[in-house]
Amino acid sequence: MAIKLENVGIAVRDIEAAIAFFTDLGLTVVGRDEVSGEWASTAVGLDGNHAKVAMLQTPGGQGQLELFEYIHPDAIETTPTLPNEIGMHRVAFSVDDIDAALEIAARHGCHPLRGVANYENIYKLTYVRGPSGIIVMLAQDLRTS
C-alpha cells in the first residue's frame, strides 16, 4: 500500500492571525474555503460542522498546513500544550536564518518558550508559542549557513 502525508491540520481561534504568521514565515496560501454540510459533518464527526479553512504550502511544495477556524460547533479553548504532553503538539520548520525567523515571530507577539539552543554546532533551534498557542519549532542547520 502506498501512503503519502498530505498535510497537518491545526484548529485556530483566529484564522487571519494564523495566516499572517505563517505567510510571514514564508508559507504561501494555496487555497481558502468555508466548509459545511452533511459531508463535512460526516468526515469530521461533528454535527453541523462549519469552518473557515485555509491551505498553506511551504516553498517548494514539500509540506502543507491546513488551518481551520470553527464557526459551528463553537471551538473549545484548552490550555496550550507543553512539549512533553502526549499527542500532536508542534509543527517544525527548517529556516536558513533563525534570527530573521524570530524577528518575524516577534512581530506577531510570538517568542521562544525559553531561548535558542545550539545542538553540537549542528543546529540552532527553538520552540516558539505561535498563534492560538501552537508550538512552532524553528531550526537552522549551521552546516549549511
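The values are calculated or read from the model by the stated rules, or taken from the named source; none is laboratory data. Given the structure is predicted, the values throughout are model-derived calculations rather than measurements. Every residue, glycine among them, receives a Cβ derived from its backbone with ideal geometry; neighbour counts consider all protein chains shown. Calculation scope for accessible area: heavy atoms of the full protein, side chains included, ligands and nucleic acids excluded. Shrake-Rupley method; radii C 1.70, N 1.55, O 1.52, S 1.80 Å.
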Quiz prompt | Per residue value of the accessible surface for the chain (all protein chains in place, 1.4 Å probe), Å² | solution = 63 Å²
Quiz prompt | Under the Debye formula (equal points on every Cα, no solvent term), log10 I(q)/I(0) of the chain at q = 0.08, 0.09, 0.12, 0.15 Å⁻¹ | solution = -0.25, -0.31, -0.55, -0.83
Quiz item: Could you give the length gained on full extension between Asp14 and Thr28, defined as 0.36 nm per residue of separation minus the Cα-Cα distance, in nm?
Solution: 3.3 nm
Quiz item: Just by accessible area at a 1.4 angstrom probe, what is the order of Glu69, Glu34 from largest to smallest?
Solution: Glu34, Glu69
Quiz item: What residues qualify as long-range amide H neighbours of Met137, i.e. H under 5 Å apart, gap of 5 or more or another chain, H built at 1.01 Å from N?
Solution: Val91, Ala92, Phe93, Val128
Exercise. Mind running the shape call on the stretch 33-95? Use the C-alpha gyration tensor, a ≥ b ≥ c as the square roots of the eigenvalues: rounded below 1.5 for a/c, prolate if a/b tops b/c, oblate otherwise.
Key: oblate
Exercise. Take every DSSP beta bridge with both residues inside the chain and express the antiparallel ones as a percent of the total, to the nearest 5.
Key: 75 percent
Quiz prompt | Between 0 and 90°, nearest 10: helix 15-25 axis offset from the chain longest Cα axis | solution = 30 degrees
Quiz item: How much accessible surface does Thr28 have with a 1.4 Å probe, in Å² rounded to 10?
Solution: 80 Å²
Quiz item: Order of 53-63, 13-23, 71-81 by packing, highest average Cβ count within 10 Å first?
Solution: 13-23, 53-63, 71-81
Quiz item: Counting only protein heavy atoms and using a 1.4 Å probe, what share of the accessible area of the chain belongs to carbon plus sulfur, as a whole percent?
Solution: 53 percent
Quiz item: Thr58 versus Val116, label points 7 Å from Cα toward the beta carbon: distance in nm?
Solution: 2.0 nm
Quiz prompt | Inter-site label distance for Met88 and Val35 at 7 Å from Cα along Cβ, in nm | solution = 1.2 nm
Self-check item: Set of the stretch 78-98 residues, backbone N closer than 11 Å to the point 7 Å along the Cα-Cβ line of Asp141
Solution: 94-96
Self-check item: Candidate residues Ser94, Ser36, Ser41: accessible-area rank, largest first, probe 1.4 Å
Solution: Ser94, Ser36, Ser41
Quiz prompt | Nearest-ten-degree value, helix 98-107 long axis tilted from longest Cα axis of the chain | solution = 50 degrees
Quiz item: Given 0.36 nm per residue, what is the gain on full extension from Ala2 to Ala106 after removing their alpha carbon distance, in nm?
Solution: 33.4 nm
